[in-house]
Structure formats: C-alpha cells, structure tokens
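Since the structure comes first, as structure tokens, the remarks are kept for the end.
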Amino acid sequence: MQADQCTSTVLVDVDHPHASACYDAWCGVAHGCTRKLGMKICGFLQKNDSLEERSRIVSFLKERTASNLLSCDNMEGDARFRRTETDFSNLFARDLLPAKNGEEVTMQFLLEVVEILTSYVRKTFDRSTKVLDFHHPHQLLEGIEGFNLELSEHPESLEQILVDCRDTLKYGVRTGHPRFFNQLSTGLDIVGLAGEWLTSTANTNMFTYEIAPVFVLMEQLTLRKMREFIGWPNGEGDGIFSPGGAISNMYSVMVARYKFFPEVKTKGMAAAPRLVLFTSEHVGSHYSIKKASAALGFGTENLILLSTDEKGRVIPADLEAKVIMAKQKGYVPLFVNATAGTTVYGAFDPINEIADICEKYNIWLHVDGAWGGGLLMSRKHKHKLDGIHRANSVTWNPHKMMGVPLQCSAIMVRERGLLQGCNSMCAGYLFQPDKQYDVTYDTGDKAIQCGRHVDIFKFWLMWKAKGTVGFEQHIDKCLDLSAYLYSKIKNREGFEMVFSGEPQHTNVCFWYIPPSLRGMPDGTERRERLHKVAPKIKALMMESGTTMVGYQPQGDKVNFFRMVISNPAATQSDIDFLIDEIERLGHEL
Ligand SMILES: Cc1ncc(COP(=O)(O)O)c(C=O)c1O
Ligand SMILES: NCCCC(=O)O
C-alpha cells in the first residue's frame, strides 16, 4: 500500500492477501479527504464490512483512483486542523478564541477534548472496562492522583484542564455501559450525543423565537408528533419541554388549578376551597406529585394516596370511594395522577377506568408517562397506555425509555392556552407584542422558567436518525430483554419475584436469597437478614465495578432489586452476567 500524501492517492493491490489492510487504509484516506468525498468513501466502505466486500470495494476504489477521481487535494487545507502534538503546559484559556491568533490553539485544544470524549465513548461500550471506579466522597475530596476538585485562585494551564477532563470521566459512572442498570435513564446514544454537542455550541435560549428560531419550530413539531401518539386529534393541544418529569408533573398540577381556579394566580390559594389531589400509594407513582403538593401550596396532607393491586396498579374503586369521601368532608377533588409505568414496579394504572371516574366527578386527569410514555411508539406495547387520549395532561420523558441524553422531558396539555394563561407575566423586555414576526412562537411565557435550555435538538436529531420505527425497535428490544430476565429467574433457586407475572414494563423486581437464608421460616429474623442482602451485594458490585442495579424497599417489602432496562446496548449476555454476578457476590452472605 503506498499513499502519496501530497494528493493522498492510494495505489492498492486488490489481490494482496491483506486486502483488508487496504480497506482500513482507504478509511484513512477518506478521513483525510474533503468532507463530502471523505464521507462518501467512509459511507461506502462501512456499508460493506465482509472481507470479500472489502476487496470488492478496494478494487472499485483502485479503478476510481486510476481515473484519478479520488484525489483529496485539500489535505494541506485541512492539515492545520488535524490533531498535532501540542504543549498545552504554557497555554491558558486566555490564549483561546476570541484571543488574537487563538484559532490554532483553540482547534488543537478542542481536538484534544474530542479525543478524550471519543476515547470515553469507545470504553463505554467495551465490556472489559468497569462501569465505575468507586471511591468514597472523602477520597475524591482529598484528591486522587492529583485530581483536585478545589477551585483555583489563578488560571490553570490548558494541560491541567485536559487532565481534569480525563479525571472527571475516569471517576464518574459509565451510565451508557451495557451493564449499567441502576437508573431509568441509561445508554449513550451517539446521535443524541452529537445533538447535545451542537446544542452546547449553539448556546442559545428557548424563551423566544428570535434567538432560537429553528429550535422553537423543532420543539413545536416534535411536541405535536408526541401528542399524535397520545391520540389527541391532529396532535392538537400545547406543550413544552421541561427540566424533568418532576417539573412536568408540577406543571400539570399548576395548570389543573389554573383551569378550575384561575384567580389563584393573582389572589393565591385563599381564593380556592380546600383542594385535594390523588395518586397511587406506590412511591413509584413518584414522589414528584407529593413535591408538587408541597411546593404549590396544597400541602402534602391534601394528597390522597390510592390503594394498589399486587402489581402496583391503582384500584379504581378505591379512587371513587376516596373522591366521595373527600367531597363529603367539603374538600374539592381537583387532580388525579395516573401513572403509565411506575418507577419501581413499572406498573401501568388502568387509565380508562380512572378517566371514567374523573369525567364523572369533573376532575383533572394527568397521566405521568415519564417512564412509560415511550411505549406509545411500540405497536406491541402501546395498549398498556390505552385511554391516555382521555387525559387532560401528559408527562413523557424521552430521556428515560427512549435513550435521549439528559435532560429531555415534555409536559403536554390538551387545552391550548392554559400553559400561557397559567404562567404568563408578559415581561416587556422579552415578549414585546410589536415584533416583526408572529409572537405566538415565543414560548417563554408558557414556562415557569425564564431562561430555558434547548432540550429538543438531540431528541429531534435522534428521531430523524432512527425514525419512529427505530424508537419502536429500541423499546421492543428492551422489553424483550426484561421478559428474558424474568424467564431466567422466576423459577431459579435463590431468586424470589416481588410480584408474580410477566413484567409490564422493563422493571423486574426480585429478591436474591443467599443459601444461608434458604429454608429459613418467614419471620422477623429472616426479614431483617434479607433486608441487608441487596445493599451488601450492591456495595460489592460497586467496589468491583462490574455492574450496577438499584434496590429499594416498597411498603412492607424489604429491600429488593429493581432491574430496569433502557439501554439498547444491553444484550442477553449482560442479563446473564448480572444474574451470575449477583450469585457470585451474594452466595456467601
Ligand atoms: C413515574 C415517574 N414520574 C416522574 C419521574 C421524575 O422524572 P425526572 O427524574 O425526569 O424528574 C420519574 C423518575 O424516575 C418517574 O419514574
Ligand atoms: N426520576 C428519578 C429516577 C429514578 C431512577 O432512575 O430509578
């Protein structure tokens, strides 16, 4: 293989036994070419990765080379922005753009950062790397191998800044790792990552169309598409992206109150009767409803918890009984939260039956689909959210089941105008009515925030890259993996399911029973000892860094593992690994 670096023309011996090496060389050529030509070569090469295909490609490229169509003669032009050995020890932030002559240093610095990030991405998907390198807070605060968290009086060199970047990732948790199961938000979507990089580079604000024209329109179009999945005709309604599901849920309570008692906006809660809210007793109906009742002045005593069945689903009859009881006490039932995918059990409340009761008593129905909303995109699983179209508002977090990088949460409201009416303050320095464009595109007055981060682009880009079918495949795969896990442990010695039956979402809840506890009669001693098993296994897991899965008690149930899957990188082998690891770490307890 010879490559004339001046024109980067590559002469290839197709029959050479190392045709594959030629293929790799062509990739190198592609990367040295102009974007368009390089992309074409890369795309062409990557579509065909078998050796035979590679040889065919190489002979194709050889012919093209012969016709001299593949010369990347702008190498010189790009060479100055190729990563080169740079001594950053005497370079500082002040040497970066917009400093005079700062372009070269800036490019080299950013290329170093890109190298750090791309190296991290590669390791994230490498199962031979650890999920985490756990250290206790005092160890990190004392400084490990020179990683000093203290802030500096004087500027650190760019070399130190790059070291700090590497260490920050080194001592963090690889939430994109295929064996990271600890949270509902997992994974590292590359297109989403690129979207986030662009978002930070654009560094703008969502409050007005004038400074975020493209992002505002993307948000509007994407929310409409989401509302179509909810089943509101033509995607009618309103919405906004918020910092998270807890805030989205808070919006729903605020808007419900504004709908029925608008004067509370100006006169406060004194202008309303004693209002009561309803949600599942399960902590997984999410404590954010409780937070909302506290933060919005209802008082947590006015949040009435609803009984649930063995699978954690709200019992509609209990809701109706408690509504009647509240009314008999002179309270006003304002708001019911039905959860589509509870945090711990993954339970889907019976929305239609709950909607019947809400319509009967004229109560606002909110569906918290923070965790389960994504299943609306799956033809196989969307039935679990039947009735969601009857909701007055819906929370849906793409940053959970759909793998969109944090943060990305939507609150959608069926009735247009309520978000604006509830939150608008008409700040004259932002929302001038006499702008040259249609000011209804200014979103700021719908929000409880002023400045609002651009959370839409990474989601919009992923949707463009995956298509709706791509999200459906992602969701179906994760649910298939949870069914696989359930099938592996439901009758396995040493494993006990917290509730019977196939998982509704990807949540699989179970106890691991070490041999020392097997055969022990149920009672206080067994419960106390079992309560300590999951925390101990989790601690050993984190110290070994091999995998991570959450645990918690629920009601009268002692600590149990909650396995959730939202990372499309996970495979059955990772599920097998988790089971084996739990047995390995817990066997001697
Ligand atoms: C059902 C449910 N609602 C709301 C939330 C809160 O979402 P966020 O963490 O984005 O605030 C969660 C988080 O797990 C959840 O599971
Ligand atoms: N909304 C909090 C996240 C809960 C979890 O990831 O388990």
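Once you have the Cα-Cα distance between residue 190 and residue 128, take 0.36 nm times their residue separation minus that, and quote the gain in nm to one decimal.
Values: separation 62, 0.36 × 62 = 22.32 nm, distance 2.00 nm.
Full-extension gain reported as 20.3 nm.
Set the Cα radius of gyration of region 159-212 against 2.2 N^0.38 Å, with N its number of residues, and you get 1.54.
So for region 499-589, what percent of the C-alpha to C-alpha distances run longer than 18 Å? That fraction is 47 percent. Just the protein heavy atoms count here, and of the accessible area of the chain at 1.4 Å, carbon and sulfur take up 54 percent.
Hey, what number do you get for the chain at 222 nm if only DSSP H runs of n ≥ 4 count, each worth -39500 (n - 2.57), divided across all residues, to the nearest 500?
It lands at -13500 deg cm²/dmol.
Using every pair of distinct Cα positions in the chain, the Kirkwood expression returns a hydrodynamic radius of 27.3 angstrom. Using heavy atoms of the protein chains and a probe of 1.4 Å, the accessible area assigned to residue 242 is about 0 Å². Among the chymotrypsin sites (Phe, Trp or Tyr not before Pro) within region 499-576, not one is in coil by DSSP while having at most 15 neighbouring Cβ atoms inside 10 Å.
Express the accessible area of region 278-390 per residue in Å², computed with a 1.4 Å probe while the remaining protein chains stay in the model.
Working: 4260 Å² over 113 residues.
For region 278-390, the solvent-accessible area averages 38 Å² per residue.
Once label points are set 7 Å from the Cα along Cα→Cβ at both residue 139 and residue 85, what is their separation, rounded to one decimal in nm? A separation of 3.5 nm, rounded to one decimal place. Modelled label positions at residue 543 and residue 361, each set 7 Å beyond Cα in the direction of Cβ, lie 5.1 nm from each other.
When each of the peptides 338-347, 103-112, 312-321 is scored by the mean number of other C-beta atoms lying within 10 Å of its residues, the order from highest to lowest reads 338-347, 312-321, 103-112.
Taking packing as the residue-averaged number of other Cβ atoms within 10 angstrom, the listed peptides 266-272, 488-494, 301-307, 173-179 run from highest to lowest as 173-179, 301-307, 488-494, 266-272.
Estimated from the Cβ-Cβ distance and a Förster radius of 45 angstrom, the FRET efficiency linking residue 572 and residue 332 is about 0.30. Largest first, the residues 390, 452, 526 sort by 1.4 Å accessible area into 390, 526, 452.
The values are calculated or read from the model by the stated rules, or taken from the named source; none is laboratory data. The shown structure was predicted, so the numbers you read here are calculated from the model rather than taken from an experiment. Cβ sites come from the backbone with ideal geometry, for glycine too, and all protein chains shown count toward neighbours. Areas reflect the complete protein model, heavy atoms only, side chains present, ligands, DNA and RNA absent. Shrake-Rupley method; radii C 1.70, N 1.55, O 1.52, S 1.80 Å.
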